[in-house]
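Below is one structure, written out as structure tokens; comments come after it.
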Amino acid sequence: MKIYLLISSLLFFSFLILSTPRLKDLPEKGTKPAVTSSVLQGNQEQIKLGERLVMIAACHDCHTPKKMTDKGPVIDYSRALSGHPADMPPPDVNRKEVEQKGLAVTNTLTAWVGPWGISYAANLTSDATGIGNWTEKQFFTAIRQGKYKGLENSRSLLPPMPWDMYRNMTDEELKAIFAYLKSTKPIRNIVPAAQPPVTAAHGK
Ligand code: HEC
């Protein structure tokens, strides 16, 4: 009997010793758990892909303010993706006439007057006034369902945001764009709220 007790307690203690992590395996106090370099590299590659997609899908065309030159407006990358500048007024036009006859746009291509009212290109930087507090799910809802702020019960996104074309991007491409946007320099810019048309919408 005694010998069984001795063996089983020996077994129990050796189990305890074996299952306790060795000191050198424990992360040092105050350091984050080690991230393997391949994960980091994977993230960098995803961000690079996102940056490239943002470039070739022309997001800057509307979401980045422009500098005026003698050849016309050129993209101002120092304000990349920060949306329509808060202090810039929309085009000074007869809105009633524009809503019936065509479109008007600021020379930054960031504020648009048309039959839908006035739309302002959003701030897509990592700042809280941009997409800094968005989840990836919100970004998918914005691009796949065309919903403002990426919330399912919010209003539809207005023209000229071409979400119904971008919705054809793969999950991998959208994830990469979102990862890139989250990595951008935060630029604080509270884009003005969209405005409804001054005339009643026709055909409805
Ligand atoms: C032709 C102009 C144009 C292009 C190109 C464009 N956008 Fe937009 N985008 C807009 C406008 C204008 C709005 C604001 C629409 C509104 O308020 O309803 C907007 C809104 C958005 C929103 C919603 C923001 C919010 O707060 O709800 C997201 C997200 C977005 N764009 C992402 C992108 C991405 C990513 C690209 C490139 C792949 C892109 N846009 C290209 C014009 C454009």
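Under 5 Å between amide hydrogens, which residues at least 5 positions from Lys66 or on another chain qualify, with H placed 1.01 Å from N in the peptide plane?
So Lys66 has HN proximity to Asp76.
Which order do Phe178, Phe140 fall in if you start with the one that has the fewest other Cβ atoms within 10 Å?
On the way: Phe178 23, Phe140 17.
Sorted ascending by nearby Cβ count, the order is Phe140, Phe178.
Got a sec? Charge dipole of the stretch 139-204, +1 on Cβ for Lys and Arg, -1 for Asp and Glu; which of Met169, Phe139, Thr184 is way out at the positive end?
Of the options given, the answer is Thr184.
Report, in whole Å, the centroid distance computed from the Cα atoms of the stretch 36-64 and the stretch 153-204.
Taking the Cα centre of each part, the stretch 36-64 and the stretch 153-204 sit 18 Å apart.
Please report, in debye to the nearest 20, how large the charge dipole of the stretch 84-200 is about its Cα centre when each Lys and Arg carries +1 at its beta carbon and each Asp and Glu carries -1 there. It would help to have the intermediate numbers written out before the result.
Values: 13 positive and 11 negative charges, 33 e Å.
My answer is approximately 160 debye.
Mind checking the dipole of the stretch 153-204: about its Cα centre, +1 per Lys or Arg Cβ, -1 per Asp or Glu Cβ, Debye to the nearest 20? Can you show the working numbers first?
Details: 7 positive and 4 negative charges, 57 e Å.
About 280 debye.
Normalized C-alpha radius of gyration of the stretch 97-204, against 2.2 N^0.38 Å?
Working: Rg = 14.9 Å, N = 108, 2.2 N^0.38 = 13.0 Å.
Rg over 2.2 N^0.38 Å, computed on Cα atoms: 1.15.
Quick check on the exposure proxy: order Lys66, Lys96 from fewest to most C-beta atoms within 10 angstrom. Kindly include the intermediate steps, with their values, before the conclusion.
Details: Lys66 18, Lys96 11.
Fewest-to-most Cβ neighbours within 10 Å comes out as Lys96, Lys66.
Kindly put Thr110, Thr199, Thr129 in sequence by how many other C-beta atoms sit within 10 Å of each C-beta, fewest to most.
Working: Thr110 24, Thr199 14, Thr129 18.
With the sparsest Cβ surroundings first, the list reads Thr199, Thr129, Thr110.
Any read-out appearing in this document is the output of simple, stated calculations on the displayed coordinates, not a laboratory observation. The model shown is predicted, which means the values in this text are computed figures rather than measured ones. Heads up, the Cβs are rebuilt from the backbone with ideal geometry, glycines too, and the neighbour counts pull from every protein chain shown.
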